[in-house]
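Enquirer: Okay, handing you the structure first.
Derivation of every value follows stated rules applied to the coordinates shown; laboratory data play no part. The shown structure was predicted, so the numbers you read here are calculated from the model rather than taken from an experiment. FYI the Cβ positions are ideal-geometry reconstructions off the backbone, even for glycines, and counts take in every protein chain you see.
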Amino acid sequence: MRLFIAVLLALSCPFSRSEVLQTFNTCSEFFSERQVPVIPGILNPNSEHARYKKICQRYNFTSVGSGYTYATLYDTESRIPVFSAYRYTARGDFIRPRIPWMIEPQLDPRVVCMTVPYRNQATEEDYFENRYGVNCGHLFPNCHAADEFTAKSTFTLTNIVPQNISFNAGSWNRIENETRDSMSTHCYDNNNKVLAHVLTGAIPGKNKLNNRVNIPSYMWTAFCCYNSRKRLWVSQAYWALNKQEKDNEAISKKSLQELQQFLSQNWVKNVKLFSSNTVLVKSLETL
């Protein structure tokens, strides 16, 4: 019976067409100045960690450019992403896709285990166990996608963490909309096109969904962009507890420097999210 269930789970999960790579070089355009974050012990330019996998995400193979839509650093022990990185170029005109959640076949061996078909990643079945009151929460939200193709690529479980249902639909959803509006207003490149680089991540917590998938204690997000109209770099950041919340709870705007300090105090010391060329960005609050 266990083997039968395992095979059914394996067959029921659509596969992503993304690529697990040694470096982010082939999809570095999703990082500001093409420089990946520095997260000591997790992501360093000159070191590898078997636990953390670099994924250049895409929905399908295409002849247009590389076909990549964003990048994800994935933690195979916690079975959640560390962060997803993407370019915001204005929200496209499409409705929310209705497609199955996808898994990343390159994260696991081809042989299906009798008890656990995917040892290194979450499956949709993990989210059926709901004693913690969580659901699938995007890091790269589909509402930030430039087109339907990109939006569909966000529906992979390597871009998802367990978020409290009220938090996901409440204050964090409002932050996704608020950052989208801010980027559309303040982020213009030298060609007067909307362009911002975004990093959204999660700090692992103490509880596990289905005894497998870490439930983050905090969610965080930051964007950095060039404002050609004011000729300066600007940024904005947020973080919040991943918890059940009451109506109308607010998440305060923070500077990039405040977020990096928070992450250094509550997660990993000396985190640097964006490139050295954009360290002195101004917060939107100062404009």
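Enquirer: Whole-Hz ³J(HN,Hα) for each residue in the range 159-166, computed from phi via Karplus 6.51 cos²θ - 1.76 cosθ + 1.60 with θ = phi - 60°, x for glycine and proline: what do you get?
Expert: Values per residue, Gly and Pro as x: 10, 10, 10, x, 10, 4, 4, 5 Hz.
Enquirer: Quick one: net charge around ASN25, please, counting Lys, Arg +1 and Asp, Glu -1 for every other residue with C-beta under 10 Å from its C-beta.
Expert: Local charge sum for ASN25: +2.
Enquirer: For the range 143-287, what class follows from the C-alpha gyration tensor (a ≥ b ≥ c being the square roots of its eigenvalues): rounded when a/c is under 1.5, otherwise prolate if a/b is larger than b/c, else oblate?
Expert: prolate
Enquirer: Checking the a/c ratio against 1.5 first, then a/b against b/c, what shape does the Cα gyration tensor give for the range 184-269?
Expert: In terms of gyration-tensor shape, prolate.
Enquirer: Beyond a 31 Å Cα-Cα separation, which of these cross-linked pairs lie in this structure: LYS53/LYS206; LYS152/LYS230; LYS53/LYS269; LYS152/LYS269?
Expert: Over 31 Å apart, Cα to Cα: LYS152/LYS230; LYS152/LYS269.
Enquirer: Here's something else I'd like to know. Lysines within cross-link reach of LYS272: Cα-Cα under 17 Å, excluding same-chain residues under 8 positions apart?
Expert: LYS254, LYS282
Enquirer: Using only Cα atoms, locate the centre of the range 72-99 and the centre of the range 171-214, then give the distance between them in Å, rounded to an integer.
Expert: What the calculation gives is 9 Å, centre to centre.
Enquirer: Now a separate question. Excluding residues fewer than 8 places away in the same chain, name every one of the aspartates and glutamates whose C-alpha is closer than 15 Å to that of LYS208.
Expert: Answer for LYS208, where 15 Å is the Cα cut-off: ASP75, GLU77, GLU124, GLU125, ASP126, GLU129, listed by chain and number.
Enquirer: Report, by chain and number, residues whose modeled amide H sits under 5 Å from the one on ARG58, excluding near sequence neighbours (fewer than 5 apart, same chain).
Expert: Placed amide hydrogens put ARG17, SER18, GLU19, THR69 under 5 Å from ARG58.
Enquirer: Using Cβ contacts closer than 10 Å as the measure, can you line up ASP108, ASP93 from fewest to most?
Expert: ASP93, ASP108
Enquirer: Using only Cα atoms, what is the ratio of the radius of gyration of the range 85-189 to 2.2 N^0.38 Å? Numbers along the way, then the final one.
Expert: Working: Rg = 15.9 Å, N = 105, 2.2 N^0.38 = 12.9 Å.
For the range 85-189, the normalised Cα radius of gyration comes out at 1.23.
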